[in-house]
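Quick notes on the structure that follows.
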Protein chains: 2
Amino acid sequence: MNKFEEKTTSSKQIFEGKVVKLQVDEVTLPDGNTSKREIIKHPGAVAVIAITPEEKIVFVEQYRKPLEKSLVEIPAGKLEIGEKPELSAKRELEEETGYTTDELELVTSFYTSPGFADEIIYLYFTNTLYPLAEEKALDDDEFVELMELSLEEAEELVKENRIHDAKTAYAILYLKLRGMK
Amino acid sequence: MNKFEEKTTSSKQIFEGKVVKLQVDEVTLPDGNTSKREIIKHPGAVAVIAITPEEKIVFVEQYRKPLEKSLVEIPAGKLEIGEKPELSAKRELEEETGYTTDELELVTSFYTSPGFADEIIYLYFTNTLYPLAEEKALDDDEFVELMELSLEEAEELVKENRIHDAKTAYAILYLKLRGMK
């Protein structure tokens, strides 16, 4: 579906970083006028709704520099180039939580900020977790703390704004709809 | 909560656009090492879950240049500088749908991409909609088409990836949990 398609007349890359690229596109609008679009290119991401044998939800707390505070989120991470989302989800789960699984169910996917970024998140579910025999290394610049919470405890953290991101908010509604107590 | 806080040692603005700014911060990590963080600054946004008297959900279809395709989303828009989120939500509802309301309930708020952006969305609900006597103008570069769908119809669009963004996906789960049919 390309309703109201905007034709690109020029595209200029402003910045290429290790996480995002920024480009500004000049476009022709449906009414023939022109405008500029600021676009963030992102490799995409995965996230995992992971339930322990004790029926707790697995979270990680980490510092989020753009917000200048830490958030409690479901395990997640960026897609590596060429990596299949399901493998990426398993890798991030292992690195961030020390758990692994052989069963990841794709719940859904969504764009996080379609107005200015192309980031897509693939969201998985598993309730068959096994502890890894050996810890896997996080990225050099990554520091996370594992938390295992009941749904009720997680909803308390939503009220306190310690859980405060879209994918984790979605995960909590998803678990409520699945009938988790 | 500032667990694993990263201290900023320098911050460089790379780009300032009409929607986003991009800066690169040099930080000291919890282990004393240094790293760089690419940060998108965004004014924040509002979105409205709006239910018509006929029990339909109000959506708008629009072209999303970062994705090079159109999506069906709940009405939403950027916060203007200094504007209260509730007023912004009412304004966007009026501009994009031709409906207005005097009752907006704050459902929740969430950051969309806390790893690289500070965008927050304030999400409202209303089921008391009135048609505006006179149409309000959209922004010059904004083209949207109104759609009013049942929950079942909306879920079909999720399957077709025409509804495919975080806030709208959240809205659909929220309405299911409220018991909407």
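Summing Cβ point charges (Lys, Arg +1; Asp, Glu -1) relative to the Cα centre of the protein assembly as shown gives a dipole of roughly 380 debye.
Per residue, the average separation of C-alpha pairs within less than 8 Å and at least 6 apart gives chain B a relative contact order of 21 percent.
Given axes a ≥ b ≥ c from the Cα gyration tensor, I'd like to know whether region A:38-181 is rounded (a/c under 1.5), prolate (a/b larger than b/c) or oblate. Judged from the Cα gyration tensor, region A:38-181 comes out rounded (a/c under 1.5). The slack between A:K84 and A:K69, meaning 0.36 nm per residue of separation minus the straight C-alpha distance, is 2.3 nm.
Place +1 on the Cβ of every Lys and Arg and -1 on the Cβ of every Asp and Glu in region A:45-178, take the dipole about the Cα centre, and give the residue among A:L175, A:L149, A:P53 whose Cα lies farthest towards its positive end. Looking along the dipole axis, the top candidate is A:L175.
Note on the protein assembly as shown: dipole from Cβ charges, positive end direction compared against B:F116, A:Y122, B:S35; the farthest Cα belongs to B:S35. Only Lys, Arg, Asp and Glu carry charge here, each on its Cβ (+1 for the first two, -1 for the last two); on that basis chain B has a dipole of about 820 debye about its Cα centre.
Along the Cα-to-Cβ line of A:E160, 7 Å from the Cα, sits a label point; which residues in region B:104-120 have backbone N less than 19 Å from it? Within reach of a label on A:E160, which here means backbone N under 19 Å from a point 7 Å along Cα→Cβ, region B:104-120 contributes B:109-111.
Per residue, the accessible area of the protein assembly as shown comes to 46 Å², computed with a 1.4 Å probe over protein heavy atoms only. Using a probe radius of 1.4 angstrom, the carbon and sulfur fraction of the accessible surface of chain B is 46%. Both chains summed, the buried accessible area for A and B stands near 6200 Å², from protein heavy atoms and a 1.4 Å probe. As a length-normalised measure over Cα pairs under 8 Å and 6 or more apart, the relative contact order of region A:11-59 settles at 25 percent.
At an R0 of 51 angstrom, the distance between the Cβ atoms of B:T34 and A:T128 translates into a FRET efficiency of 0.85. In the context of the full protein assembly, B:I120 retains an accessible surface of approximately 20 Å², using a probe radius of 1.4 Å and ignoring ligands and nucleic acids. Would you please name the GluC sites (Glu not before Pro) within region A:98-180 that are DSSP coil residues with at most 14 other C-beta atoms within 10 Å of their C-beta? Here the GluC sites (Glu not before Pro) that fit, given the DSSP loop and packing criteria, are A:E103, A:E134, A:E135, A:E160. The accessible-area loss of region B:102-120 on complex formation, taken against its chain alone with a 1.4 Å probe, reaches 40 Å² or more at B:F110, B:Y111, B:T112, B:P114, B:F116. Placing a label point 7 Å from the Cα of B:E103 along the Cα-to-Cβ direction, the residues of region B:142-177 whose backbone N falls under 18 Å of that point are B:175.
The values are calculated or read from the model by the stated rules, or taken from the named source; none is laboratory data. Nothing here was measured: the structure is a model prediction, and the numbers come from that model. FYI the Cβ positions are ideal-geometry reconstructions off the backbone, even for glycines, and counts take in every protein chain you see. Keep in mind that these areas ignore ligands, DNA and RNA; they rest on the heavy atoms of the full protein, side chains included. Shrake-Rupley method; radii C 1.70, N 1.55, O 1.52, S 1.80 Å.
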